[in-house]
Amino acid sequence: MSAFNGYGVWAIYRFEMARALRTWLQSIVTPVITTSLYFIVFGSAIGSRMSEVGGVDYGAFIVPGLIMLSLFTQSIFNASFGIYFPKFTGTIYEILSAPVSTLEIVTAYVGAAATKSIVLGLIILATASLFVPIQIQHPGWMITFLLLIATTFSLFGFIIGIWAKSFEQLNFIPMLLVTPLTFLGGAFYSIDMLPEPWRTISLFNPVVYLISGFRWSFYDTSDVAVGVSLAATLAFFFLCLGIVAWIFKTGYRLKS
């Protein structure tokens, strides 16, 4: 069994991180400004009419949802574009023929995408703290959910990047699936505020469990039990991991 090629992983990881620094305006500044506008609009327009949700100031209540919205979209974008671009240029064959294993390739690309998303999430958290006082009741769990969700959606983005045959397909799932599910997943409200049967229907939205668990780590309040949120996140993580393993085993859209 060959040793883990740390140098190869570091080379790919460093290249991906350098690409983000070259496009720092798009990678960091634009999402922060967009999220700040969400915060100002929702915090001011709705917050003036609804002061608290579950005993938490509305402005502070939406902060975990805003971070999750950014984490979902940026993790998918960074990972999908990171692996799609080598496919588009043909350099993917150089990577596949290099002395790096499947595990090392996935670790490098997903690790870089997750790192960029986590840094962006922390920047948004710092930005939000300028508007409202934020309390993190369970910092250890907050970091756990942040790492796990960023890694999971980076794996999901990696899958999309391999599946996509065009830039249009690259944006299809994030725009038409993930973003709507996030808005309907309690990012800006508690699903307990919904009348039946909409509350029950919302429980079939997997994003509800991710946002609920992350919000619990801040304010010790959630729409669903934190154990259920953690189990749902882990289930999605292992599902994505299994799909990635199948892709490299079969060569699906990598060797053709």
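A few remarks follow.
- The lone exception for Ile160 - which of (1) assigned to a helix (DSSP H, G or I); (2) free of Cβ contacts under 8 Å to residues at least 12 places away in the same chain it fails: (2)
- Some residue of the range 171-182 being part of a loop (DSSP other than H, G, I, E, B) and touching a helix residue (DSSP H, G or I) at 6+ places or on another chain (Cβ under 8 Å): no
- Neighbours by Cβ (under 8 Å, 6+ apart or cross-chain): first from the range 1-21, more than 14 Å from Ile95 (Cβ to Cβ); second charged (D, E, K, R) and assigned to a loop (DSSP other than H, G, I, E, B): none
- Qualifying residue in the range 210-225 (condition: farther than 25 Å from Ile28 by Cα, in contact with a strand residue (DSSP E or B) (Cβ under 9 Å, 6 or more places away or on another chain) and among the β-branched types (Val, Ile, Thr)): yes
- Residues considered: Ile124, Ile136. Of these, the only one that is part of a loop (DSSP other than H, G, I, E, B), modelled with pLDDT of 85 or more and in contact with a Ser or Thr (Cβ under 8 Å, 6 or more places away or on another chain) is Ile136.
- Filtered residue count, the range 198-256, keeping only those that are among the hydroxyl-bearing types (Ser, Thr, Tyr) and part of a helix (DSSP H, G or I): 9
- Index of the failed condition, Tyr189 passing every other in (1) modelled with pLDDT under 90; (2) assigned to a helix (DSSP H, G or I); (3) more than 23 Å from Ile247 (Cα to Cα): (2)
- Qualifying residues in the range 145-175 (those that are farther than 18 Å from Val244 by Cα and modelled with pLDDT of 95 or more) - the one surrounded by the fewest Cβ atoms within 10 Å (Cβ to Cβ): Leu147
- Residue match in the range 77-84 (condition: under 18 Å from the mean Cα position of the chain (by Cα), not charged (D, E, K, R) and not in a helix (DSSP H, G or I)): no
- Residue satisfying all of: in the range 13-66; crowded, with 16+ Cβ neighbours inside 10 Å and among the acidic types (Asp, Glu); modelled with the lowest pLDDT among these: Asp57
The values are calculated or read from the model by the stated rules, or taken from the named source; none is laboratory data. Just so we're clear, the structure is a prediction, and the values are computed from it rather than from any experiment. Glycine also receives a Cβ, built like all others from the backbone with ideal geometry; neighbour counts cover every protein chain displayed.
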